[in-house]
Amino acid sequence: MTAAIVTGGAGEIGAAICRRLARDGWHVVVVDRESAAGLAGEIGGEARRADLTDRAQVETLVREVADRHGLGALVNNVGVEGAVRPIGDYPEDVFEHVMRTNVHSVFLGLRAALPLMKERGSGAIVTTASTSGVRGRANLAGYVASKHAVVGLTKVAALEVAGTGVRVNAVLPGPIETRMIRAIDEEAQALSGTEVHRAAPVPYGRVEDVAAAVAHLVSPEARHVNGAEYVVDGGGTVA
Ligand SMILES: NC(=O)c1ccc[n+]([C@@H]2O[C@H](COP(=O)([O-])OP(=O)(O)OC[C@H]3O[C@@H](n4cnc5c(N)ncnc54)[C@H](O)[C@@H]3O)[C@@H](O)[C@H]2O)c1
């Protein structure tokens, strides 16, 4: 059974992706800085603890999984929301933390996995970006900048692997019913009396909606899909 690594797999969207990929027949390696042993047991996969911003840890993880199972898929899903503040008040250390967690981790994952997948002549990488990767949102400088950056990285990587059997895509969820969105909305409400996300004339999505998109992008059905920005937002972005 070929392995799929899912980073941030202990989180809400990550766990849904793990469950879905396991159901689709992948050997799922759940990676997070928090324990995911319970989830891994439930889905018959394995849990690995790692800091995804650490190059050595990412390289070891990817190499070991590739050696043991063959690396069929990497889902770069780890992410943090950072602060909700106007740029003038946005703490520099928070900005750096968001960029390191949301962007550097993806760069490290691509850097470790792409050569192995190219050598093997197959493999799919999906990065969980956000509709904040193609739209601006006031008071979310770190998050919006980081998600634009990973959409850019996806395009570069997709061009570098085009025609090799390897594919690199991004999934761009709109607001999904999760702790992260509740936290952003609560902070925005306190700051300016408006929720950041409720402006969209569509209901929030569910974690399973994101998992279904990821499952498609890593499947052979998506063999001709490379460099895509796969928006999963019920239509909010085109409103
Ligand atoms: N929740 C939403 O509505 C929404 C919308 C669009 C995009 N996204 C994106 O989806 C992804 C998952 O979001 P979520 O809502 O499940 O968040 P979450 O906070 O539930 O999960 C994130 C996980 O990442 C882990 N993590 C953070 N930093 C880490 C590090 N350095 N090393 C290892 N693990 C680390 C956390 O422990 C956590 O389990 C994120 O990239 C997020 O930006 C979420």
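Nothing in this text is a laboratory measurement; each read-out follows from the coordinates by a stated rule. Not measured: the values here are computed from a predicted model. Here the Cβ positions follow ideal geometry from the backbone for every residue, glycine too, while neighbour counts run over all protein chains shown.
Dimensions of the chain along the principal axes, based on C-alpha atoms and rounded to the nearest Å, stand at 51, 33, 32, largest first. Computed over neighbours whose Cβ is under 14 Å from that of G142, the net charge equals -2, Lys and Arg +1, Asp and Glu -1.
Placing +1 on each Lys and Arg Cβ and -1 on each Asp and Glu Cβ, with no other charges, gives the stretch 11-72 a dipole about its Cα centre of roughly 120 debye. Taking the helices alone, the chain has a mean residue ellipticity at 222 nm of -14000 deg cm²/dmol, built from -39,500 (n - 2.57) per DSSP H run of at least 4 residues and averaged over all its residues. Once the Cα atoms are used to define both axes, helix 105-120 deviates from the longest principal axis of the chain by about 30 degrees.
Annotation: peptides 216-223, 11-18, ranked by per-residue average of other Cβ atoms within 10 Å with the highest first, follow the order 11-18, 216-223. Close amide H pairs (under 5 Å, H built 1.01 Å from N) link V168 with I125, G227, residues at least 5 positions away or on another chain. Averaged over residues, the count of other Cβ atoms within 10 Å places the peptides 153-160, 120-127 in the sequence 120-127, 153-160, highest first. Computed 3J(HN,Hα) for the stretch 65-72, one whole-Hz value per residue from the Karplus formula 6.51 cos²θ - 1.76 cosθ + 1.60 where θ = phi - 60°, is 5, 4, 5, 7, 10, x, 9, x, glycine and proline marked x.
Taking the Cα centre of the chain as reference, the dipole from Cβ charges on Lys and Arg (+1) and Asp and Glu (-1) amounts to some 580 debye.
Taken one residue at a time, the phi angles of the stretch 78-84 give Karplus couplings (6.51, -1.76, 1.60, θ = phi - 60°) of 4, x, 10, 8, x, 8, 10 Hz. Gly and Pro are set to x. Evaluating 6.51 cos²θ - 1.76 cosθ + 1.60 at θ = phi - 60° for every residue in the stretch 178-183, the Karplus couplings come out as 8, 4, 4, 6, 4, 5 Hz, glycine and proline recorded as x. Cα axis of helix 141-161 to longest principal axis of the chain: angle in degrees, 0 to 90, nearest 10? It works out to around 30 degrees.
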